[in-house]
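Below is one structure, written out as structure tokens; the observations come after it.
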Amino acid sequence: MSRGTHRFKQQDLVRAVKGMMKAGVPIGRVEIGDGKLVIFAGQPDRQSPHEISADNEWDAVK
């Protein structure tokens, strides 16, 4: 079963990231969704999704 046509390939993302790095532009983050690639320039976020604390304010709510 086919998943349909893809609007971009992994190589498209690799080319874009390598081009920014070669130009000396720091990459803050990359978002992929709705058939488009969005690359944000700048310093990476200090807290990645994997480093988010396990504490949740809603745990105390009854």
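Numbers at a glance
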| read-out | value |
| --- | --- |
| Residues within the range 15-40 that are over 24 Å from THR5 (Cβ atoms) and open to solvent by 80 Å² or more (accessible area, probe 1.4 Å), tallied | 4 |
| Tally, over the range 41-62, of residues that are open to solvent by 80 Å² or more (accessible area, probe 1.4 Å), at pLDDT below 75 and either part of a helix (DSSP H, G or I) or not small (Gly, Ala, Ser) (or both) | 9 |
| Residue within the range 9-16 that is polar (S, T, N, Q) and outside any loop (DSSP other than H, G, I, E, B) present | yes |
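The values are calculated or read from the model by the stated rules, or taken from the named source; none is laboratory data. Worth saying up front: this structure is predicted, and the values here are computed from it rather than measured. FYI the Cβ positions are ideal-geometry reconstructions off the backbone, even for glycines, and counts take in every protein chain you see. These accessible areas exclude ligands, DNA and RNA; they are computed on the full protein's heavy atoms, side chains included. Shrake-Rupley method; radii C 1.70, N 1.55, O 1.52, S 1.80 Å.
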